[in-house]
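S.K.: The structure that follows is given in the form of structure tokens.
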Amino acid sequence: FDLEGKRLWVFSAGSSGIDGVATVRLNSRNTGYFIGYNGGGGVELLGADGKRLWRQDVNGNVWGITGLSGGGSLPVLAVCVGPSDNALAFDLAGKMTKEFKTGEIGAFGAADIDGDGSEELLTLGTTVSSGSRLNVFDKGGSLKWSHPANVTGTAFLNRPFLFGSFGAAGPLLGVADGGGLLFFKPSGTVFGTFKEKELISSAAVLHRKAK
């Protein structure tokens, strides 16, 4: 849809169930759409016009996907959950280029939290066995920091990450843990928590113009 609500195109996934869609920057002007399928359907990248660019098999359900933008000469990657619960990274031609040793993942995200122009990969364990941990990886696949991210004992849902600059507090990475928001500094130290009586399963940052 365009910003006025006009439908621009429709893509049919056929018999495969779509678990998620993420945007991927194809070039300076065009955005692509990265699709993760249920039931062993793999992953697929569509162009800005909704036409298929490539499709690759992934053994198992693709529960989580994200785009990962590079800085400078670093390439843009499309990242998904792999069969061993690690993250698989594909380049824009559909070639698998990297495997992030993430362990069990329930949610994916990406943000340039350290301001170097290249996004970090954010992964979230959502079960007891995964430790309900937030892991932050650089684009090379190295773990930058890891921290427990569940302060309420409830399940993470939907898209739980948010990142932005919050006035005097500066840049913060937030995680919706089901019962509130847990905020981290870019270094990985806990900044604070916000608890709410109602379920918080996803969150977003609204940008306001300075007065």
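S.K.: Can you give the extra length, in nm with one decimal, that the chain gains between K6 and K195 once fully stretched, where that is 0.36 nm per residue apart less the Cα-Cα distance?
M.R.: 64.2 nm
S.K.: Pulled fully out, how much extra length does the chain show between N61 and T97, if you take 0.36 nm times their separation in residues and subtract their Cα-Cα distance?
M.R.: Fully extending the segment from N61 to T97 adds 11.0 nm.
S.K.: Can I ask one more? Which pairs in the list K6/K95; K101/K144; K101/K195 are over 23 Å apart, alpha-carbon to alpha-carbon?
M.R.: Table pairs above 23 Å Cα-Cα are K6/K95; K101/K195.
S.K.: Additional query: Quick one: net charge of L143's neighbours, Cβ under 13 Å, K/R +1, D/E -1?
M.R.: Net charge in that neighbourhood comes out at +2.
S.K.: Need the list of aspartates and glutamates near K98 for cross-linking: C-alpha distance under 15 angstrom, and skip anything on the same chain fewer than eight residues off.
M.R.: Candidates past the 8-residue exclusion: D85, E120, D138.
S.K.: Please list the non-local residues whose amide H lies under 5 Å from the amide H of R25, H modeled 1.01 Å from N, same-chain partners needing a gap of 5 or more.
M.R.: The answer is G32.
S.K.: Give the shape of the range 1-127 as rounded, prolate or oblate, defined through the alpha-carbon gyration tensor: a ≥ b ≥ c are the square roots of its eigenvalues, a/c under 1.5 means rounded, and otherwise the shape is prolate if a/b is larger than b/c and oblate if not.
M.R.: oblate
S.K.: Under a plain spin-label model, where a point goes 7 Å from the Cα along Cα-to-Cβ, how far apart in nm are H147 and V21?
M.R.: 3.4
Every number here is computed from the coordinates shown, using simple stated rules; none is lab data. Quick caveat, the model's predicted, so the values are computed rather than measured. Because the Cβ atoms are built from the backbone with ideal geometry, glycine has one as well, and the counts that use them run over all protein chains shown.
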